[in-house]
Amino acid sequence: MLKTFLFVMIFTSAQMLAQETYKVACVGNSITQGFGNTNSNSYPNRLDVILGDKYDVRNFGVGGTTLLKNGDKPYWDESAFDNATQFEPDIVIILLGTNDSKPQNWAFKDEFYGDYVDLINHFRSLKSEPQIFIGYPPPVFQVLAGINNPVVQDEIIPIIDSLKYSMNTFWINFYEALDGKSNLFPDGVHLNEEGYLEMANIAADALLNKPSGVIDYFFAMPTTVEEGESTTLFWRTSDSSTVTLNGNLVNPSDSLQVSPIQSETYTLISSGVFNDTVSLQVDFLPSGFIKYFHADPPILESGINAESTLRWASSKNSISKINGESVAFTDSFIVTPTETTSYELITTGTISDSALIQIQVLESELINRSLLAKSFQVSTSAYQFLPEWVADSDTSTFWQSNRSTTEWLVIDLGKEININRIQLIWGDVYAKTFHLQIMNESNSTLPFFSNSNGAGGVEDITREYVKGRYIRLLCVSSVSSTEGYQVKEIEVYGTEKKITGFEWNNSIELNRYQLQQNFPNPFNPSTEIKFNIPNDQHVKITLFDLLGRQIKILINKKFSTGFHSFNFSSYELTSGIYFYRMEAGEFTSTKKMVLMR
């Protein structure tokens, strides 16, 4: 979709219909974070309440930080900066500059403009394409730790004022709105509870009452149409805007149904205090067009009559054939090739199209099962490093965790395989101590390999067959204290054929009490807890923190004889170590769980 971006965020159709709230990131120093030991009364928290359920306002303020990269505490170096980035906000409010007025920081004043431009461009580069609001710092009524009003008023604010024009951003003038209200600043710099509430009202007014000429959004739903179909254009602009759509005058906020017969570009122009233009394209698919054609899985093991499903979709009114046989224009069917076989889909209509796929039938030792994985789970991921990259046959890409001692990755193969070989290819940051574990579909776990003296590079491990569906890599200690683990590839080899003499040693014995270790562990945000009781029994499972204080009762009711499990979600908890204790009759057992945010 073509978009001409002037200074505001334009929501795509998927964003507008899928998101329940607009995400607002408040970036700043202690004035944003909140003065004292709690930020419950900070302006972002108050703003979240004022804006209501349609907005999700998060506080990413860090006390003492500077906008200047060469300041004594650059915001750029804080984890809050990374967290605000990963939040993928729809709106960013930047309120920095107060600490930059300190003499040791303002010595680099010639870099302030360029560093601010870099910060704006950083957030504008996000996929969410957020609206940017730059805040004029509040007035300083008393010199504190070198923070002084002359620099804020006479040097920093003029630079910010020029940025709103050169960078086409919105702005919030906290300085002017709070000037003369020294009673709201107990120490001359930070605000009291009443002051933070006033800041929140100032910010809410700026967010909700934009000047005329601003396009809040312009999108089509759907963005692609076929023969005989229509799409609807939706747009909203700020009040008092003069708006045209492809040259025709339209209402400032409205919708219009259109029925293109070819791919069309629609341009919305909004005029007022600002002038904004957004263009989008609606794609038209003529009959005979192939949308997709693929096989799942594309690789089969020889000698077991394995199945693959061919799936395809072509545009409406297409005439379709696979290997010469007529088929519906959109459908699927199962094939069981005994050797590597190609399938060709040919469609005709207004246009003609074709697609060719191949299902490979290979010996088991040639099949890297990770390439057929159904899903991946990880403890954490560094920004824009995907866990799927450990299974893409490309060693230039890798999954990277956040900075933590213990991190884990789980590969779901989709079904149980007899596994006898796993190859790890590490990046520059590898685990000195790690464990490879195999789990079956009941999440019972067997060790596959452990190493307490890892050297990175390529580690190729072969052992007796272990039957399982999930491969878990648990990294315990790293060669780096500043960067997360890097895993380029995890290759998994095995067979679906029955292995004589193999039997899964299920760790649950039905004739006794047992509380199992939760899985995954560490976890975020949810984990599964399993237990067994030998007879009908009242079971209570309680969660405690590291100090032994009760957090909540997870289970407290009667269960029948046998195996039971439940999921525990940790949305209300912070990262850390917790314990869960099971009580059933005279039986008690306690396990440790680790929550990794």
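The values are calculated or read from the model by the stated rules, or taken from the named source; none is laboratory data. Quick caveat: nothing in here was measured; it's all calculated off a predicted structure. Quick reminder, even Gly has a Cβ in these numbers, built from the backbone with ideal geometry, and neighbours come from all protein chains shown.
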Candidate set from the range 363-387 (those that are assigned to a loop (DSSP other than H, G, I, E, B) and among the aliphatic types (A, V, I, L, M)); member that is farthest from K497 (Cα to Cα): A382
Residue match in the range 574-583 (condition: outside the structural domain of N443 (by TED's automatic domain parsing), touching a residue at least 60 places away in the same chain (Cβ under 8 Å) and either outside any strand (DSSP E or B) or closer than 15 Å to T527 by Cα (or both)): yes
Candidate set: the range 390-449, residues that are in a strand (DSSP E or B) and among the aromatic types (F, W, Y); chosen: the one nearest to the chain's Cα centre (by Cα): W399
Strands (runs of 3 or more DSSP E) contained in the range 127-228 and holding at least 1 residues crowded, with 21+ Cβ neighbours inside 10 Å and polar (S, T, N, Q): 131-136
Scope the range 327-362; condition surrounded by fewer than 18 Cβ atoms within 10 Å (Cβ to Cβ), small (G, A, S) and not in a strand (DSSP E or B); matching residues: A328
Leading residue by the ranking (modelled with the lowest pLDDT) among those in the range 570-597 that are over 33 Å from the mean Cα position of the chain (by Cα) and of a type in the set (D, E): E586
Contacts under 6 angstrom Cβ, first residue in the range 223-252 being of a type in the set (F, W, Y), partner in a strand (DSSP E or B), 6 or more apart: F234/F219; F234/S255; W235/F218; W235/L268
In the range 390-425, the residues that are more than 22 Å from F448 (Cα to Cα) and aromatic (F, W, Y): F398
Complete set of residues in the range 100-112 that are in contact (Cβ under 8 Å) with a residue 40 or more places away in the chain and exposed (fewer than 14 other Cβ atoms within 10 Å of the Cβ): P103, Q104
Lone qualifier among L473, L409, L436, L446 - being farther than 14 Å from N368 by Cα and surrounded by fewer than 17 Cβ atoms within 10 Å (Cβ to Cβ): L446
